[in-house]
Amino acid sequence: MAPQLRSVCPYDCPDTCGLLVTVENGRAVKVCGDPEHPVTRGLICPKMQQYERTVHSPRRLTTPLRRTGPKGSGQFAPITWEEAILAICNRWRALSAAFGADCILPYSYAGTMGLVQRNSGHPFFHKLGASRLARTICSPAKEAGWKAVMGDTPGLDPSDILESDLVILWGINAAATSIHTLRDAREAKKRGARLVAIDTYRTPTANHVDEAILIRPGSDGALALGMIHVMAAWGLLDRTFIAQQVSGFDELAATILPQCTPEATAAACGIPVEHVERLALVYARARAPFIRLGSGLTRYGNGAMNVRCITCLPAVVGAWQQPGGGLLCSTSTGGAFPLTQVTREDFLPDPPPRIINMNQLGNALTGLAERPIRALYVYHSNPAAITPDQNAVIRGLEREDLFTVVHERFMTDTARYADIVLPATSSLEHSDLYRSYGGYQAQRCAAVISPVGEAHSNWDTFCLLARGMGWDEPFFRQSADDLIDRLLDGENSWRDRETTDRLRAGETVLLTPPSSSRGPWLTPSGTIEIKNPREPEPLPRRLPTHAERDGYPLRLQPAVTPFALNSGFYEQDQLRERQDCMALLMHPADAAGRRLADGAPVVAFNSLGEVSFTLRVTGAVPPGTVVTEGVWWREFIPGERGVNALTSQRLTDRGEGSTLYDVVVEVRAARSDATGCNKYMTERLV
Ligand SMILES: Nc1nc2c(c(=O)[nH]1)N[C@H]1C(S)=C(S)[C@@H](COP(=O)(O)OP(=O)(O)OC[C@H]3O[C@@H](n4cnc5c(=O)[nH]c(N)nc54)[C@H](O)[C@@H]3O)O[C@H]1N2
Ligand SMILES: Nc1nc2c(c(=O)[nH]1)N[C@H]1C(S)=C(S)[C@@H](COP(=O)(O)OP(=O)(O)OC[C@H]3O[C@@H](n4cnc5c(=O)[nH]c(N)nc54)[C@H](O)[C@@H]3O)O[C@H]1N2
Ligand code: SF4
Ligand SMILES: [Mo]
């Protein structure tokens, strides 16, 4: 029988599922969930059920390539690795000598979440003296909002949901993005819990809950403060818990809460007054209310403040005292492994080079007149598709004088603009150590097949580049497994010797946070800080979003699809077909007002750009909001631009995060010659 080998899902997903891979004749032929995994217990999402189709896709890049046509044309010719490394290092040496090494910018994010492969560019670029990248596209505002109230208190164990009697899935599309959270929430429901979702449209998660509350984008802070107002007015707060463990409530009550009436809240959130009151009542009366907070609501100009307001809820009702009660943003297991052994901050020059915010790549490539970026190295990220303000990013990538290298598994929208493309391994072809950010599991895994074609892993590529630069540090002569060993050196308060030995042996382990998620609170005052004097805004309050000042009538939500992960998985035809085509979901009243019919080709536009979609008229979105799901590859969309041509480079209130959901647009019919469905669908129809 063909062997089944253990691996871990490498994608940017909180679940970090255990996998079993069947290998035949050196090829992965089947991938399924590992039933012995203590957390994920064999359940994996549709995206990964045919991972072998990604790994052995005919679209895989198998050799290095050199550009032969205009930038963006996708015309390339194969070259050898030696030629590629020589060309890159020669160019970087010349640029560094002429302009300083900080004219080189690395750009990476989360193609793989393994601790070694994900971070393996850091030591290289630190030593090179390249510009640094602030990797803040995902959810730093969530962390900032949590931290403002709870300090360094660790996140709850997600399995606490099972003991809750009220689970609120707040701004999280768990059916798509966290299937094990949904599994546990549904189990809690079977045991009698009520499930509520708070979102901006009816996502697939809404099918599993007792009540879906659809609010105006970015109004969550208002909703949370309104709930506190109602609970205070009705005498439903836990005054003893507040007196003993919370600071700043009285000031909140005196200065902020009076304006947060149910009427003002309902108006801000676009829901009836009774819904605000009912939610407050249900929350206050629950024995152990559990809030699972997603990231969608944090990607706004007021994102961190919204999280702060919501984080006050469990404090004012004392939910933290009950098993099953509380709030989970994410688990941060950063302390478990000495990551600086990989990132090597000590390689940085003194003074350290400038930092470029990844959300503002467009500005960095087009607007730094004095010290322009002259070389870009992209690895495990697809900025031409996923980064806000796509028009600015692409204008930058089109610059003839920008030397761009892309290390990738596929010919992505970004790779099309490269001068040199390097083929990357998939997770089945390299070793790594994985830890979850939605739970406490960690696991080491080795390659289960040889690299496809001439692909190299991120780490191996940086070792080749280090050699090409003529560096003789022993650090760059190690293997990925040597680095994993370093991450597992010694024990610490997260993992004792036995756990560490089991990790070394490739078993899944559960890390133990060194302190409790239910207090003592790891804040400077030792209390839950509703008032935080170290914040520019010491008290939570209602802040406006960016886009409400922009003057377009419809809120746009660039949401996720269950059948892709950011711009990943579009290489699998079957998954892409399940997404139909790049659609814009609109409420019937908004469509009627614009004389637009279901299936019509439409264009959404704002001051940043315009994007073609196929209209889907549906009651799943409330009036005033439009939704598109997925980050499509350019070759499968009706127009020239994807949804991020409409999103902006503006940052969150705290954390310098992206504001991808803080967008407004207007929508019109497309010119009559535009095709309504994507090219791919059209091809299928003819
Ligand atoms: N299938 C799939 N899984 C994924 C991903 C994917 O693309 N596809 N992406 C992965 C990544 S990188 C991440 S960060 C996570 C993100 O996973 P989640 O934390 O679930 O975040 P999002 O899907 O961005 O947003 C969650 C929900 O928030 C809603 N939302 C948007 N704005 C607001 C608001 O103002 N208020 C409220 N209450 N809700 C709002 C959106 O409609 C969406 O349904 O998922 C990961 N998993
Ligand atoms: N409109 C819109 N924009 C979004 C989002 C959204 O929901 N909507 N989500 C946002 C969020 S939350 C995030 S986190 C970002 C994600 O941004 P990215 O992390 O850039 O996301 P991906 O689209 O997954 O692109 C990762 C790329 O890495 C490649 N890859 C995978 N493994 C490896 C490897 O081992 N080595 C190398 N070299 N390459 C590898 C994959 O082929 C893929 O093309 O996007 C953000 N942008
Ligand atoms: S994407 Fe998430 S749910 Fe799907 S297999 Fe990977 S870790 Fe599990
Ligand atoms: Mo993300």
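For the range 1-47, what class follows from the C-alpha gyration tensor (a ≥ b ≥ c being the square roots of its eigenvalues): rounded when a/c is under 1.5, otherwise prolate if a/b is larger than b/c, else oblate?
Because a/c hits 1.5 or more and a/b exceeds b/c, the range 1-47 counts as prolate.
With a probe of 1.4 Å, find how much accessible area the range 547-685 has per residue, and write the answer as a whole number in Å².
Ligands and nucleic acids excluded, the result is 39 Å² per residue.
What ranking do 47-59, 390-402 get when scored by the average of other Cβ atoms within 10 Å per residue, highest first?
In decreasing order of mean packing, 47-59, 390-402 become 390-402, 47-59.
Taking the Cα centre of the chain as origin and charging only Cβ (+1 Lys, Arg; -1 Asp, Glu), how large is the dipole, in debye to the nearest 20?
740
Starting with the highest mean, order 549-559, 371-381 by the number of other Cβ atoms within 10 Å, averaged over the residues of each peptide.
Per-residue Cβ counts within 10 Å, averaged per peptide and sorted highest first, yield 371-381, 549-559.
Along the range 512-518, what does the Karplus equation 6.51 cos²θ - 1.76 cosθ + 1.60 (θ = phi - 60°) give for ³J(HN,Hα), rounded to whole Hz, x for Gly and Pro?
Couplings: 10, x, x, 9, 7, 7, 10 Hz.
If you stretched the chain out fully between Q478 and T255, how much longer would it get, using 0.36 nm times the residue separation minus the C-alpha to C-alpha distance?
Once the chain is fully extended between Q478 and T255, it gains 74.4 nm.
How large is the accessible surface per residue of the range 280-353, computed with a 1.4 Å probe and reported in Å² as a whole number?
Computed with neighbouring chains in place, this is 28 Å² per residue.
Treat every Asp and Glu Cβ in the range 547-685 as -1 and every Lys and Arg Cβ as +1, leave all other atoms uncharged, and give the resulting dipole magnitude about the Cα centre to the nearest 20 debye.
220
Show me 11-22, 446-457 ranked by packing, highest mean number of other Cβ atoms within 10 Å first.
11-22, 446-457
Counting only protein heavy atoms and a 1.4 Å probe, tell me what percentage of the range 156-329's accessible area is made up of carbon and sulfur.
Result for the range 156-329: 48 percent of the exposed heavy-atom area is carbon or sulfur.
If amide hydrogens are placed 1.01 Å from N in the peptide plane, which non-local residues have theirs closer than 5 Å to the one on V378?
Residues meeting the criterion, in which the H sits 1.01 Å from N, are Y107, V405, V406, H407.
Given the rule -39500 (n - 2.57) for each run of at least 4 DSSP H residues, summed and divided by the residues of the chain, what is its mean residue ellipticity at 222 nm, to the nearest 500 deg cm²/dmol?
-7500 deg cm²/dmol
Counting only other residues whose beta carbon sits under 14 Å from that of E277, what net charge do I get with K and R as +1, D and E as -1?
-1
Each residue of the range 102-116 in order: what ³J(HN,Hα) in whole Hz does its phi give by Karplus 6.51 cos²θ - 1.76 cosθ + 1.60, θ = phi - 60°, with x for Gly and Pro?
In residue order, the calculated couplings are 6, 7, 9, 10, x, 9, 9, 9, 9, x, 10, 9, x, 5, 7 Hz.
Excluding R53 itself, calculate the net charge of residues whose Cβ lies under 9 Å from the Cβ of R53, where each Lys or Arg counts +1 and each Asp or Glu counts -1.
After counting each charged neighbour, the total is -3.
Summing +1 for each Lys or Arg and -1 for each Asp or Glu, what net charge is found among the other residues whose Cβ lies under 11 Å from the Cβ of C9?
-2
Sequence-distant or interchain residues sharing an amide H contact under 5 Å with N302, placed H: which?
H546, D653
Which lysines have a Cα less than 26 Å from the Cα of K147, not counting those fewer than 8 places away in the same chain?
The reachable lysines, counting only those whose Cα sits under 26 Å from K147, are K531.
Return the long-range amide H neighbours of I198 (sequence gap of 5 or more, or a different chain), with a cut-off of under 5 Å between placed amide H atoms.
Result for I198 returns L169, W170, G171, I172, I213.
In straight Cα distance, which aspartates and glutamates are under 16 Å from K189, not counting same-chain residues fewer than 8 positions off?
K189 reaches D160, E163, D165, D210, E211.
The values are calculated or read from the model by the stated rules, or taken from the named source; none is laboratory data. Here the structure is a predicted model, which is why all the values come from computation and not from measurement. Glycine gets a Cβ as well: all are built from the backbone with ideal geometry, and neighbour counts include every protein chain shown. These area figures cover heavy atoms from the full protein model, side chains too; ligands, DNA and RNA do not enter into them. Shrake-Rupley method; radii C 1.70, N 1.55, O 1.52, S 1.80 Å.
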